[in-house]
Amino acid sequence: MDAIVTLSGLTHDYGNHIALDGLDVVVPAGVTGLVGANGAGKTTMLRILLGLLHPSAGSVSVLGHDAIADPLSVRAQVGYMPEGASLPKDQTAADFVAYTAQLAGLPAGDARRRASETLFLVGLEEERFRFLGDFSTGMAQRVKLAQAIVHGPKLILLDEPASGLDPDGRVQMLELIRRLGSFGINVIVSSHVLSDIESTCDFVVMLDAGRLVRSGPVAGAHRTSTVSVEILGPVDRFTTALTTAGVEWVGDHQTVSVRADTDDIFDAIRDAAASSRVGIMRLERRALTLEDEFLGRADV
């Protein structure tokens, strides 16, 4: 299956507040990051994918099923890790994860075996018989991840899985997500931390105030880079030479940023400097990141 999620004209509002505004997105198989600031519409989108919310307009296909008309078929193949606190404090991790496996249709014996294997996978083999009320935030997040994958879903939806974790816990959670992807499990992970998505995901869907900013491979941000050129002399003569040579640029006083799509960009900069008779004080090449794209610094 090439596309695991297809959104067409997806819109949802809460009265006067528009949470999602006409999204057209095709999400391929693999690990996808759903990014945006708090309030961008990420959780609303995940709930619509699960069939827990009905959109105001548009269509939603998840794993080939209509999430609006047939949400039960979607939820039978999807695991979900919510953001907020949702664990019963008076159950052990083993009992809780086994219970969620039974809810997904596994027989009791298979559910307990799968719960043990899954808790081992997420690094809780020694803590699985402790009560959830005694768990740290990082351990609780691992339990929530375990219950999302224990029944072997085709797609898992993770809502801010690294939220509230210390730096070590965040690194460990991201490594777990990368491992899931290496097992061939499709993942959509929401986050407002762009660097987490950049280090973990293959594909990104970027939202801002409910609108689509970008969707595409994460690697696409790195196919483009810029060269920052600090000029000694009349900048206008240098930029005119760049324009004549067909080189895109933006300028700020004595510094010019040049799009570097080709390996011969440094030759073009040298030739423009020579023809305009200006000096070059500094050259610095830098790959554009997801943060650059989100903040609108990819305009060069």
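The values are calculated or read from the model by the stated rules, or taken from the named source; none is laboratory data. Worth saying up front: this structure is predicted, and the values here are computed from it rather than measured. Backbone-built Cβ (ideal geometry, glycine too); neighbour counts: all protein chains shown.
Please enumerate the residues belonging to segment 102-122 that are in a helix (DSSP H, G or I), over 26 Å from S73 (Cβ atoms) and under 26 Å from the mean Cα position of the chain (by Cα).
L119, F120, L121
Anything in segment 122-137 that is in contact with a helix residue (DSSP H, G or I) (Cβ under 8 Å, 6 or more places away or on another chain) and surrounded by fewer than 18 Cβ atoms within 10 Å (Cβ to Cβ)? List them, or say none.
We begin by selecting, within segment 122-137, every residue in contact with a helix residue (DSSP H, G or I) (Cβ under 8 Å, 6 or more places away or on another chain); these are 122-125, 127-130, 132, 135, 137.
Listed by number, the residues that qualify are G123, E125, F129, R130, T137.
Quick check: is even one residue across segment 205-215 without any contact (Cβ under 8 Å) to a residue 60 or more places away in the chain, part of a loop (DSSP other than H, G, I, E, B) and farther than 25 Å from A29 by Cβ?
There is no residue in segment 205-215 that is without any contact (Cβ under 8 Å) to a residue 60 or more places away in the chain, part of a loop (DSSP other than H, G, I, E, B) and farther than 25 Å from A29 by Cβ.
Can you name the condition, by its number, that D13 falls short on among (1) part of a strand (DSSP E or B); (2) crowded, with 23+ Cβ neighbours inside 10 Å; (3) without any contact (Cβ under 8 Å) to a residue 60 or more places away in the chain?
If we test D13 against (1) part of a strand (DSSP E or B); (2) crowded, with 23+ Cβ neighbours inside 10 Å; (3) without any contact (Cβ under 8 Å) to a residue 60 or more places away in the chain, just (2) comes out false.
Please work out if V247 is surrounded by 16 or more Cβ atoms within 10 Å (Cβ to Cβ), among the β-branched types (V, I, T) and part of a strand (DSSP E or B). It would help to see each step written out before you state the result.
Details: surrounded by 16 or more Cβ atoms within 10 Å (Cβ to Cβ): yes; among the β-branched types (V, I, T): yes; part of a strand (DSSP E or B): no.
No: the conditions fail for V247.
In this structure, is T100 over 28 Å from G41 (Cβ atoms), surrounded by 13 or more Cβ atoms within 10 Å (Cβ to Cβ) and in the same structural domain as D166 (by TED's automatic domain parsing)?
no
From the list R128, R142, which residue is among the basic types (K, R), part of a helix (DSSP H, G or I), over 16 Å from S182 (Cα atoms) and at pLDDT below 95?
Of the residues listed, the single one that is among the basic types (K, R), part of a helix (DSSP H, G or I), over 16 Å from S182 (Cα atoms) and at pLDDT below 95 is R142.
Yes or no: R282 at pLDDT 90 or above, basic (K, R) and surrounded by fewer than 18 Cβ atoms within 10 Å (Cβ to Cβ)?
On the way: at pLDDT 90 or above: no; basic (K, R): yes; surrounded by fewer than 18 Cβ atoms within 10 Å (Cβ to Cβ): yes.
It is false that R282 is at pLDDT 90 or above, basic (K, R) and surrounded by fewer than 18 Cβ atoms within 10 Å (Cβ to Cβ).
Any residue at all in segment 65-81 that is in a strand (DSSP E or B), out of contact with any strand residue (DSSP E or B) (no Cβ under 8 Å at 6 or more places or on another chain) and in the same structural domain as A148 (by TED's automatic domain parsing)? Break it down into steps so the answer makes sense when it comes.
First, pick out the residues of segment 65-81 that are in a strand (DSSP E or B): 65-66, 78-81.
Subset that is out of contact with any strand residue (DSSP E or B) (no Cβ under 8 Å at 6 or more places or on another chain): 65.
This time we only want the ones that are in the same structural domain as A148 (by TED's automatic domain parsing), so: 65.
Checking segment 65-81: at least one residue is in a strand (DSSP E or B), out of contact with any strand residue (DSSP E or B) (no Cβ under 8 Å at 6 or more places or on another chain) and in the same structural domain as A148 (by TED's automatic domain parsing).
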